[in-house]
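Trainee: Just dropping this structure here.
The values are calculated or read from the model by the stated rules, or taken from the named source; none is laboratory data. Bear in mind the structure is a predicted one, so any value in this text is a computation, not a measurement. Positions of Cβ are generated from backbone atoms using ideal geometry, with glycine treated the same way; all protein chains shown enter the neighbour counts. To get the accessible areas, we keep the full protein, side chains included, count just its heavy atoms, and leave off ligands, DNA and RNA. Shrake-Rupley method; radii C 1.70, N 1.55, O 1.52, S 1.80 Å.
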Amino acid sequence: MFGLILSVAILAFGIFLRMTQNPGFSRSKRMAWLLIATGIITLIGRIFIMYQKGEF
């Protein structure tokens, strides 16, 4: 369950970096796509593993 929450948090932070207009985060906008992709892949993988184990 921790992995599921962590992947959602990574995805949410990536979306936050992409959408924010704060000039302090302007350098991190390039990393936003990496975090979004990592969050989506991890979330899909974690849901698939939980479904296979019968926990979901």
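Trainee: With Kirkwood's inverse mean 1/r over C-alpha pairs for Rh, give me the Rg to Rh ratio of the chain, two decimals please.
Mentor: Rg/Rh for the chain comes to 1.13.
Trainee: In Å², and per residue, what accessible area does the chain have when probed at 1.4 Å with the other protein chains present?
Mentor: Roughly 79 Å² per residue, with all protein chains present.
Trainee: Using alpha carbons only, how many degrees (0 to 90, rounded to 10) separate the axis of helix 29-53 from the longest principal axis of the chain?
Mentor: Roughly 10 degrees between the two axes.
Trainee: Apply 1/(1 + (r/R0)^6) to the Cβ-Cβ distance of residue 25 and residue 5, taking R0 = 25 Å, and write down the FRET efficiency to the nearest 0.05. Please list the in-between numbers first.
Mentor: Details: r = 23 Å, r/R0 = 0.92.
About 0.60, to the nearest 0.05.
Trainee: Sticking with this one: Of the accessible area of the chain, with the probe set at 1.4 angstrom, what percent is carbon plus sulfur?
Mentor: Values: 3150 of 4400 Å².
On the chain, the fraction of accessible area on carbon and sulfur atoms equals 72 percent.
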